[in-house]
Amino acid sequence: MNTNRLSPEIERRSEELNALEAILPFDRRDQLAALLTDDDVATLKHLANEGVGDNTLRAIASDLGYLEAWCQFATGTPLPWPAPESLLLKFVAHHLWDPTRRAEDENHGMPVAVESSLRSQRLLRADGPHAPETVRRRLTSWSILTRWRGLTGAFDGPSLKSALRLAVHASARPRQRKSKKAVTVDILAMLLEVCTGERSVDLRDRALLLTAFGSGGRRRSEVAALRVEDLTDQEPVQTNPSDASSPPLPCLSIRLGRTKRTKSDDDEHVLLIGRPVTALKEWLDQAGINEGPVFRRIDQWGNIDRRALTPQAVNLILKDRCKQAGLDPAQFSAHGLRSGYLTEAANRGIPLPEAMQQSLHKSVTQAARYFNNAQRKNGRAARLVT
């Protein structure tokens, strides 16, 4: 799988994957071309043509590349379609295992040779068993791809469900937050403080942080995909909705189109009000951006590229600003803007349904976690013996 000198076959697949350049990360395209088969590439292109969302397709492509590599290293053969139940069970056993038992028996869990091979390809980085959510997601991608090939797999079989349930219990890995700490308003203020300059990069990052937070904690993929054509000026709104004489605030409507949780015929939008609107317009005016991507790459000399930031770049920008603000970048990620928005809404007593209208969370259960945590800290139940 050496990508320094690509074979003609891999180079051809890499060129075919260029058709998905808006979806697949550029720095992984050659690696995916080496891992995937011609049928895999054809399936991904078919899914794209069928209107599968960018985020979903990106995850499926990444999972498929991992599955192909794992199967090759674990069995010495390419990934079979459909996969036999025994291979599905092997996948679970290799990724969800008991750390205590592994310390006593090195053959428990993923074999050392398989693990070393995956690490050499930079496909496996975490130590210990996989997160159950990752294993379930990859099994789901595997199942989706099987169905799209017109085949039937054993993904709903009782043996796999039982093995997965027992393995999750045995692995005992605590759920990892996408961002260990939430970017609440106090943290956001610290990040904004380090990008108060008038350089293009400061204007961009200031607008990016305020827009991402103020629009409901947008996902990094949504921030990266934002285009000028998605912005619509609205009539100014009052600072205090119940006081018609209160100062007016600028207002924008942001069209998000299909998001991670919407259906193909949905056309989601959120409002941006006040300071974030001012910062966003200041960036666009300074950069001379009238169409296309809103948030763009800027080189070391301050030249603004025509290309949009990648989702990963959005994450790196936040971490870089955290470092400049004296915060530990390892504690924060771009998802902290999303969790921070809901946490801040809960702290301010904003009703959950109202906050979800802006964040566009579809799962009440997931959104309520942030509210529950805030309410527990502010409530009386945990203060009985203070």
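Let me cross-check Glu198: its accessible surface, 1.4 Å probe, with only protein heavy atoms counted, in Å² to the nearest 10?
That residue has around 120 Å² of solvent-accessible surface.
Place the peptides 32-43, 84-95 in order of packing, highest mean first, counting for every residue the other Cβ atoms within 10 Å and averaging per peptide.
So the peptides 32-43, 84-95, ranked by packing, come out 32-43, 84-95.
Taking the alpha-carbon centroid of each part, what is the distance from the stretch 312-340 to the stretch 111-135 in angstrom?
25 Å
Pop out the ³J(HN,Hα) list for the stretch 85-102 in order, Karplus 6.51 cos²θ - 1.76 cosθ + 1.60 with θ = phi - 60°, rounded to Hz; leave Gly and Pro as x.
Computed from phi, the couplings for the stretch 85-102 are 4, 4, 6, 5, 5, 5, 4, 4, 5, 6, 10, 10, 9, 8, x, 5, 5, 4 Hz.
I need the phi-derived Karplus couplings for the stretch 131-143: 6.51 cos²θ - 1.76 cosθ + 1.60, θ = phi - 60°, integer Hz, Gly and Pro marked x.
Coupling constants for the stretch 131-143: 5, x, 5, 5, 5, 4, 5, 5, 5, 5, 4, 4, 5 Hz.
Per-residue counts of other Cβ atoms within 10 Å, averaged by peptide: what ranking do you get for 273-279, 226-232, highest first?
In decreasing order of mean packing, 273-279, 226-232 become 273-279, 226-232.
Between His269 and residues 5 or more places away or on another chain, which pairs have amide H atoms under 5 Å apart, with H built 1.01 Å from N, and which residues are they?
The list, which skips near neighbours in sequence, is Leu256.
Among the listed pairs Lys181/Lys319; Lys181/Lys281; Lys181/Lys323, give every one whose C-alpha distance is greater than 21 Å.
From the list (Lys181/Lys319; Lys181/Lys281; Lys181/Lys323), the Cα-Cα distance tops 21 Å for Lys181/Lys281.
Taking loop as defined by DSSP and a crowding limit of 14 other beta carbons within 10 Å, which GluC sites (Glu not before Pro) in the stretch 91-130 fit?
Glu106
With every protein chain left in place, what is the accessible area of Thr56 in Å² (1.4 Å probe, nearest 10)?
Spelled out: Thr56, probe radius 1.4 Å, area about 60 Å².
The values are calculated or read from the model by the stated rules, or taken from the named source; none is laboratory data. Every value quoted in this text rests on a predicted model; they were computed, and no experiment measured them. Neighbour counts are summed over all protein chains in view; Cβ atoms, including those assigned to glycine, are modelled from backbone coordinates with ideal geometry. Calculation scope for accessible area: heavy atoms of the full protein, side chains included, ligands and nucleic acids excluded. Shrake-Rupley method; radii C 1.70, N 1.55, O 1.52, S 1.80 Å.
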